[in-house]
Amino acid sequence: MKKIAFFCCALLALGFASCDDNSDLGTPQVNPQLPAVDASELQPALSSELASGAIDLASVAEIPAISNPAIENMPAGASVAYEMELATKADFSNAVTLPVTDGKVSAAEWNAYYRETLGNNNTPLVNYVRFAAYFVQGTQRVRVGNLDNWYGTKQLTVTPQAFAYEMATVNSDAGTTQIANFSGDGKTFTGYVLVNSEYTFTYKGVSYGKKSSTALEAGSTTPCTVSTPALYLIEFVYEEEKSSTFKATQIRSFGAIGDFNKNAKQVNLTLSGRVFKGEVDFGETLPESNQFRFRMNNNNGVLLGGFQYDLLPGGAMMDVPGEGVYELTVDLSKIPYVYSYTKK
């Protein structure tokens, strides 16, 4: 009873505060400087779905998240509302807030955050959640406890809704390899392909062969050629009204660059097939800006970055795995391209 009385006092204080500024009347307020409400009587429970530690975002449109237990002597018209903080980092430094409606959160909104922070892969990966609670009465809203008061903090393994890049095929004399339209423009397809001497393309069931040094002819099987058996970054640009084009860049070296070496000469990894492996020393002190990505041929025009489980041509810098020396493995044998690491 004492705790609910304190809740009422907090709401009363909110009422007086709102009378001082008529411009805010009727607008829900979240103010960290308002009196804190004693939170000891509020004991919400995670849903069985979240408590299990694994969530499949493709299974339902809304994910049951948290229960709303009854509280004795709750003032008339008052209720408890929740918001869910969602992050891919354990310290919640990259968290976003998802609304909780009737104890549920939107699977689509959760999936959008997954894609934004972890890329276009279908790998079950770790997310973190926690909940803020608010006492609500009319247009007034008061955070339960202080700003460090959270409920239901949980680590989860999250399976995203399925995603697939649009693909074209490179028919190489070293094997058939798919390349992807990473940008989503429906035109430009890129990927890493082993070629001994010649290759053609297939897209939407149509073959494309060489017409000139950069142009392709639909329906042709005339091969494009290279002079050196190697791994190539191959680009196919589809054009509906004119000749499609192609480009092949031999990968002569592949390494890591970033804040740890002032983005200078790349630290090279060793190639085996379409997998690169090697050790990189990220240093003993981790500044907040310590990020890296991969570069080929010591050329800043040929970069790979973005996400650990969805490496993208020209992709952005990524957080380093940690301090010290790591063995990195970059797998370019299938899309999405990924890298893994082991602390040495």
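Note on residue 230 and residue 262: the extension gain reaches 8.6 nm, defined as 0.36 nm multiplied by sequence separation minus the Cα-Cα distance.
With all pairs of different C-alpha atoms in the average, the Kirkwood value for the hydrodynamic radius of the range 223-282 is 14.3 Å. Calculated FRET efficiency, residue 212 to residue 166, Cβ-Cβ distance, R0 = 25 Å: about 0.45 to the nearest 0.05. With the simple spin-label model, which puts each label point 7 Å out from Cα in the Cβ direction, the residue 319 to residue 58 separation comes to 2.7 nm.
Per residue, the chain reaches -3000 deg cm²/dmol at 222 nm when only DSSP H runs of four or more residues are counted, each adding -39500 (n - 2.57). Between the helical axis of 2-19 and the dominant principal axis of the chain, each derived from Cα atoms, what acute angle in degrees is found, rounded to the nearest 10? Approximately 80 degrees, to the nearest 10.
By accessible area, using a 1.4 Å probe on protein heavy atoms only, the chain has 49% of its surface on carbon and sulfur. Calculated translational diffusion coefficient of the chain (25 °C, 0.890 mPa s; Stokes-Einstein with Kirkwood radius over alpha-carbon pairs) equals 103 µm²/s.
Rounded, prolate or oblate, given the Cα gyration tensor of the range 227-344, with a/c below 1.5 counting as rounded? Verdict is prolate for the range 227-344.
What is the log10 of I(q)/I(0) for the range 107-180, computed with the Debye formula using one identical point scatterer on each Cα and no solvent, at q = 0.23 Å⁻¹? The Cα Debye sum returns log10 ratios of -1.02. Protection proxy ranking, highest mean first, for peptides 59-70, 229-240: 229-240, 59-70, where packing is the per-residue count of other beta-carbon atoms within 10 Å, averaged. Considering only Cα atoms, the convex hull volume of the range 71-220 works out to 171 Å³ per residue. Computed from label points 7 Å out along Cα-Cβ, the spacing between residue 108 and residue 221 is 4.6 nm. The local environment of residue 153, defined by Cβ-Cβ distances under 11 Å, has a net charge of +1 under the rule Lys, Arg +1 and Asp, Glu -1. What the Cβ-Cβ distance of residue 277 and residue 43 gives, at R0 = 45 Å and to the nearest 0.05, is a FRET efficiency of 0.35.
Per residue, the accessible area of the chain comes to 49 Å², computed with a 1.4 Å probe over protein heavy atoms only.
If you plug the beta carbon distance of residue 342 and residue 122 into 1/(1 + (r/R0)^6) with R0 = 30 Å, you get a FRET efficiency near 0.80.
The values are calculated or read from the model by the stated rules, or taken from the named source; none is laboratory data. Since we're looking at a predicted model, the values are computed, not measured. When we count neighbours, we look across all protein chains shown, and the Cβ atoms used for this are built from the backbone with ideal geometry, even at glycine. The area values use the complete protein model at the heavy-atom level, side chains included, leaving out ligands, DNA and RNA. Shrake-Rupley method; radii C 1.70, N 1.55, O 1.52, S 1.80 Å.
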